[in-house]
1. Restricting the search to region 116-139, which residues are at pLDDT 85 or above and surrounded by 15 or more Cβ atoms within 10 Å (Cβ to Cβ)?
2. Within the set of pairs 6+ apart or on separate chains, which have a first residue in region 21-42 that is over 27 Å from Asp71 (Cα atoms) and of a type in the set (Ser, Thr, Tyr), a second that is at pLDDT 95 or above and crowded, with 19+ Cβ neighbours inside 10 Å, and C-beta atoms under 6 Å apart?
3. Working only within region 4-55, note down all residues that are among the β-branched types (Val, Ile, Thr) and closer than 27 Å to Asn72 by Cβ.
4. If you take the residues in region 78-114 that are part of a helix (DSSP H, G or I) and touching a Phe, Trp or Tyr at 6+ places or on another chain (Cβ under 7 Å), which one is farthest from Ile126 (Cα to Cα)?
5. Do we have any residue at all in region 46-68 that's outside any strand (DSSP E or B), more than 13 Å from the chain's Cα centre (by Cα), surrounded by fewer than 17 Cβ atoms within 10 Å (Cβ to Cβ) and without any contact (Cβ under 8 Å) to a residue 12 or more places away in the chain?
6. Mind telling me which of the residues Asp20, Asp10 ends up being assigned to a loop (DSSP other than H, G, I, E, B) and charged (D, E, K, R)?
7. Take the residues in region 18-45 that are among the β-branched types (Val, Ile, Thr) and over 29 Å from Arg131 (Cβ atoms), then tell me which one is farthest from the chain's Cα centre (by Cα).
8. Which condition breaks for Pro47 when tested against (1) at pLDDT 95 or above; (2) farther than 17 Å from Arg3 by Cβ; (3) not basic (Lys, Arg)?
Amino acid sequence: MTRKLLIVEDEIDLATSLADLFSINGWVVELAENGVQGLLKVQSFKPSVILSDIHMPQMDGLEFAKSLFEDNNLVPLVFLSGFRDENKMQKAWIYGVFDFLDKPVPTKEILRVCESAHLFGPEYLIKSRGRARKIYKAS
């Protein structure tokens, strides 16, 4: 199965560096500058993994994750951020985010996490979203 990565990142230099890294390692890559563009690319590009910043203009990563959750989209999302916000991280886990990586992240680590998301992400999302829906119903 083709490994397709959507990078949702407003820092263009970082986005293009990541795109180069993944392309060299056999991934097909598309870029989006924010969550609004990301949602459109999810529909047209059909990625197998999404790598997204959290802090972005127009639609941040958490709103993006929530939209994917509400649409029951089974593309695993990996957050990449320079700012740890425990409150946002807690909400993101409810939406089924696959993993969090802190900027700057070692090359081998980002490739390893995205490969794992590609291999196990949809299965993980089905289980984690099932738990989240039970939590919502109970509250």
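The values are calculated or read from the model by the stated rules, or taken from the named source; none is laboratory data. Computed from a prediction, not measured in an experiment: that's the story for all the values here. Here the Cβ is made from the backbone with ideal geometry for all residues, glycine too, and neighbour counts use every protein chain on show.
1. Selection gives Ser116, Ala117, His118, Leu119.
2. Going by the 6 Å Cβ cut-off, the qualifying pairs are Ser23/Val29.
3. Taking region 4-55 as the starting set, the residues that turn out to be among the β-branched types (Val, Ile, Thr) are 7-8, 12, 16, 24, 28-29, 36, 42, 49-50, 54.
Across region 4-55, the qualifying residues are Ile7, Val8, Val28, Val29, Val36, Val42, Val49, Ile50, Ile54.
4. Going residue by residue through region 78-114, those that are part of a helix (DSSP H, G or I) are 86-94, 107-114.
Among the residues that remain, those that are also touching a Phe, Trp or Tyr at 6+ places or on another chain (Cβ under 7 Å) are: 89, 92.
Working: Met89: 19, Ala92: 15 Å.
For region 78-114, the residue satisfying everything is Met89.
5. no
6. Values: Asp20 fails: assigned to a loop (DSSP other than H, G, I, E, B).
Of the residues listed, the single one that is assigned to a loop (DSSP other than H, G, I, E, B) and charged (D, E, K, R) is Asp10.
7. Step one: list which residues in region 18-45 are among the β-branched types (Val, Ile, Thr), which gives 24, 28-29, 36, 42.
Retained after the next criterion (residues that are over 29 Å from Arg131 (Cβ atoms)): 24, 28-29.
Numbers: Ile24: 20, Val28: 15, Val29: 13 Å.
Among those that are among the β-branched types (Val, Ile, Thr) and over 29 Å from Arg131 (Cβ atoms), it is Ile24.
8. If we test Pro47 against (1) at pLDDT 95 or above; (2) farther than 17 Å from Arg3 by Cβ; (3) not basic (Lys, Arg), just (2) comes out false.
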